[in-house]
1. Take Val376 and tell me if it is outside any loop (DSSP other than H, G, I, E, B) and surrounded by fewer than 24 Cβ atoms within 10 Å (Cβ to Cβ).
2. Give the number of residues within the stretch 247-266 that are in contact (Cβ under 8 Å) with a residue 24 or more places away in the chain and not in a strand (DSSP E or B).
3. Say whether the condition of being more than 30 Å from Asn307 (Cα to Cα) and either among the aliphatic types (A, V, I, L, M) or not in a loop (DSSP other than H, G, I, E, B) (or both) is met by at least one residue in the stretch 349-358.
4. Look at Ala155 and say whether it is more than 23 Å from Tyr390 (Cα to Cα) and not charged (D, E, K, R).
5. Would you pick out the residues in the stretch 86-140 that are assigned to a loop (DSSP other than H, G, I, E, B), buried (at least 24 other Cβ atoms within 10 Å of the Cβ) and at negative phi?
6. Surrounded by fewer than 24 Cβ atoms within 10 Å (Cβ to Cβ) and either modelled with pLDDT under 95 or assigned to a loop (DSSP other than H, G, I, E, B) (or both): is that true of Ala38 in this structure?
7. Tell me which residues, restricted to the stretch 270-289, are closer than 15 Å to Ser260 by Cβ and either surrounded by 18 or more Cβ atoms within 10 Å (Cβ to Cβ) or among the aliphatic types (A, V, I, L, M) (or both).
8. Of the conditions (1) hydrophobic (A, V, I, L, M, F, W, C); (2) within 30 Å of Leu112 (Cβ to Cβ); (3) assigned to a strand (DSSP E or B); (4) under 20 Å from the mean Cα position of the chain (by Cα), Val236 clears all except one; give me its number.
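The values are calculated or read from the model by the stated rules, or taken from the named source; none is laboratory data. A quick note: this is a predicted structure, and the numbers were derived from the prediction, not measured. Because the Cβ atoms are built from the backbone with ideal geometry, glycine has one as well, and the counts that use them run over all protein chains shown.
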Amino acid sequence: MRSSKYALIAAAILMTLTACGGGSSTSSWPTSSQPVAAAYIQSVAFRNHTAMAWGSNGYGQLGNGNSGNSLTPVPVTGAPRLVEIATGGTHTVAVDMGSTVWTWGNNGYGQLGSGTVTARYQPAKVFKNSTSAHTYLTNITNVSSGGNHTLALDATGTVWAWGANTWGQVGYDTTTLGYSMTAWPVQNLPLGGFKATLIAAGGGHSLALDYSGSVWSWGNNYEGQLGNGTAVNSGVPVQVVIGSGLGVLKNVVAIAAGGSHSVAVVTDGSADTTKNMVISWGYNNYGQLGNNSQVNSLVPVPVVDGNNIPLTGVIAIAAGANHTLALKSDGTVWSWGYNGWGQLGIGTTVDSHVAVRVPGLSFIDRISAVGNHTLVFFGGTAWSWGDNAYGQLGLNSTNYVMTPTQLTGAGYRSGLFP
């Protein structure tokens, strides 16, 4: 799935920003591991086959061996060659060429899967089921990093989870501690044929797309982000529906999980990508559902453009804390939702309740929404915009940016590296 242009881009996101003060080149956060609200004020990508990270580093989430913030990309050290990388609230997860999972950063909820709650400043392998036998999680094809939890998908279609389980987002019983320090298979997914093809970890909820094109969700549901027609949290995976009494959502080809909202791309079943339509559900206070309202939705609703026409022709989606992105097959990028830091890339800080085209971009092939900032990629070039208090835009400054701005240098690719 990594090499597909139609795969989910940066599904590991995201929760409301909790630290938005002035940034600097040195960390202003404590370096001891502790339970904290997700921040999503760092970025990751590949450059010339090397995993790079930049921005906030108070818990070692940049993976370069220290806790100092960086205003420009720095190499991740201490791991073999990585092929996929995703950033969470204050931690990072990656997969190496041997399909083994590595994590680093904050670990107050066990989100590193290391069997402890100790932070790490460099990558270390994730344990499977228990640390007693020193068995590592392997055979992984996709990872996603949430607010304080992590998901992994293996080659058999099994979904693994670890970290915070406050709302049931790891999908199994950890009621004693409220978190898991090692990876376990998500429980109560349907037996006898269930096979996940994509995963997405949000601020406090999780999504999985199965081979039949239906979506399963679990965790926090206060704002309806599970899409099952209720606002009741669930530690057991439930299916996303199309409406009360109208059956299960089908024909989904991409998913993304935001802070408290969810997004999907649905198709008519043909190979014609111009028919691909974006839908969303959950929290909508800033218009992040893109349906020209600010009303939460417990079931999926169509995203529309400024003419109130459903947004179609979409091949990839990404969800930030409270903003959302879509990439069309013509290479154009569209955004909607919260824009207080310019993360929509439209030159203002005014929210948009409908999808608007990001000006000045064409031929983009990868997109990423992280917290309150945005990254896009094409041909070795990367652009960023939005919140930059900790240098998370990689532009060697801490000034927020309202329009796409190119990173210095070439050779950049998104965290989903072919």
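1. Working: outside any loop (DSSP other than H, G, I, E, B): yes; surrounded by fewer than 24 Cβ atoms within 10 Å (Cβ to Cβ): no.
Judged against the criteria, Val376 is not a match.
2. 6
3. Applying the first criterion (more than 30 Å from Asn307 (Cα to Cα)) to the stretch 349-358 yields none.
Within the stretch 349-358, none of the residues are more than 30 Å from Asn307 (Cα to Cα) and either among the aliphatic types (A, V, I, L, M) or not in a loop (DSSP other than H, G, I, E, B) (or both).
4. Numbers: more than 23 Å from Tyr390 (Cα to Cα): yes; not charged (D, E, K, R): yes.
Against the criterion (more than 23 Å from Tyr390 (Cα to Cα) and not charged (D, E, K, R)), Ala155 qualifies.
5. Residues of the stretch 86-140 that are assigned to a loop (DSSP other than H, G, I, E, B), as a first pass: 88-90, 97-100, 106-119, 126, 129-135, 137-139.
Filter again for buried (at least 24 other Cβ atoms within 10 Å of the Cβ), leaving 88-90, 106-107, 109-113, 119, 126, 137.
Across the stretch 86-140, the qualifying residues are Gly88, Gly89, Thr90, Asn106, Asn107, Tyr109, Gln111, Leu112, Ala119, Val126, Leu137.
6. On the way: surrounded by fewer than 24 Cβ atoms within 10 Å (Cβ to Cβ): no; either modelled with pLDDT under 95 or assigned to a loop (DSSP other than H, G, I, E, B) (or both): yes.
In short, no.
7. Kept after step one, since they are closer than 15 Å to Ser260 by Cβ, are these residues of the stretch 270-289: 280-289.
Hits for the stretch 270-289 are Ser280, Trp281, Gly282, Tyr283, Asn284, Tyr286, Gly287, Gln288, Leu289.
8. For Val236, the exception is condition (4).
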